[in-house]
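To start, the structure under review is shown below, and the notes come after it.
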Amino acid sequence: MSTEPESDEHAADPGPALTVRGADLDIFGIGAFREEALAWAGAVRGPELRLDLAEAGDLDLSGLQVLLALDRTLRGKGCRLALTGLRPDWNERLARLGLAQLLEGRP
């Protein structure tokens, strides 16, 4: 699993972006992701942290708990978490749980 920062020198920068590559956000793989993600949250200085999950594996309630902890940590700093690259079924799960604020493009 790796969480990698992305950069595009020519794009308007709303804040840092991370890409999750080759990780399952489930009970079996969440430990390493949690440590890395919360470390990034502590270093964020922009208005938003974008987390691209297009290359992530599975997502279960363990992964969702960590995403919510990450969101809570960022909100405490006046930032927001924006998830991108979500699979359609993940979008549906988040919406059903009332977590639409985590979906891409939503305040």
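Residues in segment 23-47 that are in contact with a helix residue (DSSP H, G or I) (Cβ under 6 Å, 6 or more places away or on another chain) and crowded, with 19+ Cβ neighbours inside 10 Å: Ala23, Leu25, Ile30, Ala37, Ala41. On the given criteria, is Ala11 modelled with pLDDT under 85, surrounded by fewer than 16 Cβ atoms within 10 Å (Cβ to Cβ), of a type in the set (Gly, Ala, Ser) and within 23 Å of Arg80 (Cβ to Cβ)? It is true that Ala11 is modelled with pLDDT under 85, surrounded by fewer than 16 Cβ atoms within 10 Å (Cβ to Cβ), of a type in the set (Gly, Ala, Ser) and within 23 Å of Arg80 (Cβ to Cβ). Counting residues in segment 48-62 that are touching a helix residue (DSSP H, G or I) at 6+ places or on another chain (Cβ under 9 Å), among the small types (Gly, Ala, Ser) and assigned to a loop (DSSP other than H, G, I, E, B) gives one or more.
The values are calculated or read from the model by the stated rules, or taken from the named source; none is laboratory data. Please read all numbers here as calculations on a predicted model, not as lab measurements. Glycine gets a Cβ as well: all are built from the backbone with ideal geometry, and neighbour counts include every protein chain shown.
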